[in-house]
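Read the structure below first, then the notes.
The values are calculated or read from the model by the stated rules, or taken from the named source; none is laboratory data. All figures in this text were calculated on a predicted structure; none of them were measured in a lab. In this analysis, Cβ positions are derived from the backbone assuming ideal geometry, glycine residues included, and neighbour counts consider all displayed protein chains. Calculation scope for accessible area: heavy atoms of the full protein, side chains included, ligands and nucleic acids excluded. Shrake-Rupley method; radii C 1.70, N 1.55, O 1.52, S 1.80 Å.
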Amino acid sequence: METLVLTVISDDRPGLVATLSASLAARGATWQRSQLSQLAGKFAGIVEVVVPAAGVDGLVADLDGLSAQGITVSTTRTSAASEAPTHHLTLDLVGADRPGIVAEVSALLSARGIGIVELETFVSEAPMAGGMLFEAHAVLAAPAGADEGELRAAMESLADELMVDVALAEDA
């Protein structure tokens, strides 16, 4: 068995997941994990699948063929490399929307060797204050033995600079 990661994008319309999943099922692939979303009139997602080794090339060809239906699928083969032990945290951020929030937070995390496992962001109208509100929720992977106190202090300092509220917690 081989593991593939698929990235998918298309104009949004009913039946996209059905089309994609039918191609996978036809080659004996199993849908393991995914994150799919409608964004600005597009359907976009990432899907992890497991497929019998003998069916990989045929599946990749089938997925490439979906471009005739306006569905672009990029396929990446993965390895089963072992990962270093990590400590998972959650990060929640809320504040007035402005350019650079994700860039500054991700730079702070990267400088400490902390990866982003999952990131969900959205912008909405700020109730009663006017303007737009930026919200982010992330699951983070810190190296085992990372200094959580230093990370909290750095995040609080950055939150003050960005004028946002930040909460950092153990991932349950």
For the chain, with all protein chains present and a 1.4 Å probe, just round the carbon and sulfur fraction of the accessible area to a whole percent. 55 percent
MRE, 222 nm, helices only [DSSP H, n ≥ 4, -39500 (n - 2.57), over the chain, to nearest 500]: -8500 deg cm²/dmol
Any idea how far apart D57 and L39 come out in nm if each label point goes 7 Å out from Cα toward Cβ? 3.4 nm
Rounded, prolate or oblate: which fits region 6-151, taking a ≥ b ≥ c as square roots of the Cα gyration tensor eigenvalues, rounded meaning a/c under 1.5, else prolate when a/b beats b/c? oblate
Accessible area per residue for region 1-100 in Å², computed with a 1.4 Å probe and the full protein assembly in place, what is it? 56 Å²
